[in-house]
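For reference, the structure discussed in these notes is given below.
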Amino acid sequence: MKGTETQMLSNTHKTGIVVFSLIFAGVFGFAGAASAAQPAGPGVQIIAKGSVDETVSQLTKMVADGGMMVMGELHQGKVLAMTGLKVQSETLFVGSPTVGKKLFSAQPGAGLVVPVRINIYADAQGRTVVSYIPPSQQLSEFGDEMVDQVAKMLDANLAKLTGMLGK
């Protein structure tokens, strides 16, 4: 009997190790795979449907249709090409003079945050990514209730706008 009990305990122990290993691999392996699918970086990251150029064009049109404007552009890919680095990266500075007037009237230092910087780039997997830092994350540092309200409105508008670009 003793040999059979030892054999059963050994099999139970082996089964426990196998089950633990499967759970461990499931939790950490699949979680790792899921996080690898999401682009890395600060702020909001959205995988867009089209190429970088198509996404920039679409976003520019959506901004204008939404009563805002592209106040500036930075062609990072072209600038970095001068160093020999090949990267697709475009940044749009998006804002509204009406919203800017509210923010600058309350806090002239708001110019550090607005117009909002939206970066569109191709990641290592060739996907087009639209990224931005929600204005509320930075504007909240002013400690101004009115600025916070405007920032939350900007967050919602940006989420809606960029969400339409996603897959």
statement: Between residue 141 and residue 37, the two model label points (7 Å from Cα along the beta-carbon direction) sit apart by a distance in nm of 3.4
task: Give me D for region 65-152 in µm² s⁻¹, whole number, from Stokes-Einstein with Rh from the Kirkwood sum over alpha-carbon pairs, 20 °C and 1.002 mPa s.
output: 149
- line: Both in Å, the radius of gyration and Dmax of the C-alpha trace of region 37-86 are 13.5, 38
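Test of understanding: what is the full-extension gain from residue 83 to residue 152, defined as 0.36 nm times their sequence separation minus their Cα-Cα distance?
Values: separation 69, 0.36 × 69 = 24.84 nm, distance 3.86 nm.
Separation in residues times 0.36 nm, less the Cα-Cα distance, equals 21.0 nm.
Coordinate-derived values only; no laboratory data. Just so you know, these numbers come straight off a predicted model, no measurement behind them. Every residue, glycine as well, gets a Cβ built from its backbone with ideal geometry; the counts of neighbours run over all protein chains shown.
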